Amino acid sequence: MKPQEGERERDQDEQQQEEREEEQQYEQALHPVIADLCYHLSRTPSLASSSRNEGDAAQDHRPSSDAGADADAKNAAPRSKRPGLPLPVAAIRVLLDVIRRSRAETMMGLQADLRDASDVMIAFAKRGGPVPIAATTSAAPSTKYLLANRSHIALSSSCELFLNHVTRSSSHLETATPHFQSQLLERGTRFVEFSLSSRDRISSVASPFVREGTTVLTHGRSKVVEAVLLRAARVEKKRFNVIVLEGRPDAGGAKTAKAYDEAGIPTAVVLDAAMGYVMEKVKVDMVLVGAEGVVENGGVVNKMGTFALGVLAKELGVPFYVAAESYKFTRLYPLNNADLPEMGKLDGGGLAFLDTLSWSVNSSSGSKGGQGKEEKKTEAGEDGSLNACADLSSYVVNLSPSVSVGNPPCDFTPAKYITLLFTDLGVLTPSAVSDELIRLYQ
């Protein structure tokens, strides 16, 4: 090993150690409710509840559990492999933990505890930023942007649905009896189980729309859309093509393209800005996207660029479909993007711009021995990120502080651009969303 390489590795080890120590300190400073949320988000559904007693949970900021929690974890065990709980479902688990820990003697007190916890999670989602959680493959914590490229709408709607259920169920009670708390936990567990199976139900009603030989254009990293297309390919054995928009700045589309490729689906990744060109150049038969929220007028809030994609699809006569769980239905009524609520920051900081084309050309020529360049070993991580950041530094476009950088995570697509919505409640037209919202909140 060269002396320079050894020194570089020592520097990297020291930097990683410092980062771990900072993450551990930050985790200890987290609000217990947020620590619970991070705990659930970082684990698979079958492991979302542990057998710790309440004292242990308070000590390490992990949710307490009892026999009810064990039953909760058992009932929520998935039939298929999932990387972790969806954010809204994790929030419901946090509220179930609040019910277990609450010392309120009245229903008003219990409702206040739940409302406080909900407000803390929503405020955290609006603020955004990095949160250290226990890594699934290592005992050491690693920084994960749990709310990156997300809005708080889905989390808010799921909390509101649960709180509405508690209020409606307890309208005739004044005392928070153990029996009633047990009933709430049981119903909450059923809600979690229903939510976890939403993707399976959506994929079953949506996959028939993916026909043999079609070309599907997608945008963003939606687990629901992924479930639909994988079912069509693996279960129904259909042959079709997928075009994925890259999904800047987090490359969400490029990441999900890996799943399609591994399933044997012919997949292409194109730049976001090329969506119009691709839809005309390649015969796109349908557009399928997910949603962060489905609003009362039938429109959707989703990853930035969805609105432009919807406008293009309508102009070119391409069906525009949305796949979303019913717990993302929210009582908002925006008329345009100016009416959207304030979104959380995407990465808690600035946005870097990288000349990837120049880096790709130079790195490729160097690795082939061309241009006399020294070969640079740059490895891609599991999430598609490049680890050798030093090799990319010369390709970063540094902007003056006087140049403002806009980085909104989501936009609003009005109902008039949406053909159909695929939900766990069935296939809906945009105009039917308001009726379903009334049923959900009755």
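The values are calculated or read from the model by the stated rules, or taken from the named source; none is laboratory data. Model, not experiment: these values are computed from the prediction. Here the Cβ is made from the backbone with ideal geometry for all residues, glycine too, and neighbour counts use every protein chain on show. Side chains are part of the model used for accessible areas, which takes the heavy atoms of the whole protein and leaves out ligands, DNA and RNA. Shrake-Rupley method; radii C 1.70, N 1.55, O 1.52, S 1.80 Å.
Among residues of region 154-165 that are touching a residue at least 12 places away in the same chain (Cβ under 8 Å), those with a Cβ under 6 angstrom from a residue that is outside any helix (DSSP H, G or I) and among the hydroxyl-bearing types (Ser, Thr, Tyr), sequence gap 6+ or separate chain, pair up as Ser157/Thr330; Asn164/Tyr441. Among residues belonging to region 307-336 that are of a type in the set (D, E, K, R) and buried (at least 24 other Cβ atoms within 10 Å of the Cβ), point out the one that is farthest from Leu420 (Cα to Cα). Restricting to residues being of a type in the set (D, E, K, R) and buried (at least 24 other Cβ atoms within 10 Å of the Cβ), the top hit is Lys328. For region 280-306, which positions are surrounded by 21 or more Cβ atoms within 10 Å (Cβ to Cβ) and hydrophobic (A, V, I, L, M, F, W, C)? Of everything in region 280-306, those that are surrounded by 21 or more Cβ atoms within 10 Å (Cβ to Cβ) and hydrophobic (A, V, I, L, M, F, W, C) turn out to be Val284, Val287, Leu288, Val289, Ala291, Val294, Val295, Val300, Val301, Met304.
Among the residues of region 246-279, those that are in a helix (DSSP H, G or I) and either open to solvent by 60 Å² or more (accessible area, probe 1.4 Å) or not small (Gly, Ala, Ser) (or both) comprise Lys255, Thr256, Lys258, Tyr260, Asp261, Glu262, Asp272, Ala273, Met275, Tyr277, Val278, Met279.
Scanning region 211-235 for residues that are among the polar types (S, T, N, Q) and either closer than 18 Å to Gly317 by Cβ or touching a Cys at 6+ places or on another chain (Cβ under 8 Å) (or both) yields Thr214, Thr215. Does region 176-190 contain at least one residue that is among the charged types (D, E, K, R), open to solvent by 30 Å² or more (accessible area, probe 1.4 Å), more than 18 Å from Arg93 (Cβ to Cβ) and modelled with pLDDT under 85? No; the residues of region 176-190 include none that is among the charged types (D, E, K, R), open to solvent by 30 Å² or more (accessible area, probe 1.4 Å), more than 18 Å from Arg93 (Cβ to Cβ) and modelled with pLDDT under 85. State whether one or more residues within region 424-434 are at pLDDT 75 or above, closer than 23 Å to Gly252 by Cβ and surrounded by 15 or more Cβ atoms within 10 Å (Cβ to Cβ). Yes: one or more hits.
For Lys303, the test of being modelled with pLDDT of 90 or more, within 21 Å of the chain's Cα centre (by Cα) and not aromatic (Phe, Trp, Tyr) is passed.
Residue by residue through region 204-219, note down the ones that are open to solvent by 10 Å² or more (accessible area, probe 1.4 Å) and either under 20 Å from Val89 (Cα atoms) or assigned to a loop (DSSP other than H, G, I, E, B) (or both).
Step one: filter region 204-219 for residues open to solvent by 10 Å² or more (accessible area, probe 1.4 Å), giving 204-205, 208-209, 211-215.
Scanning region 204-219 gives Arg211, Glu212, Gly213, Thr214.
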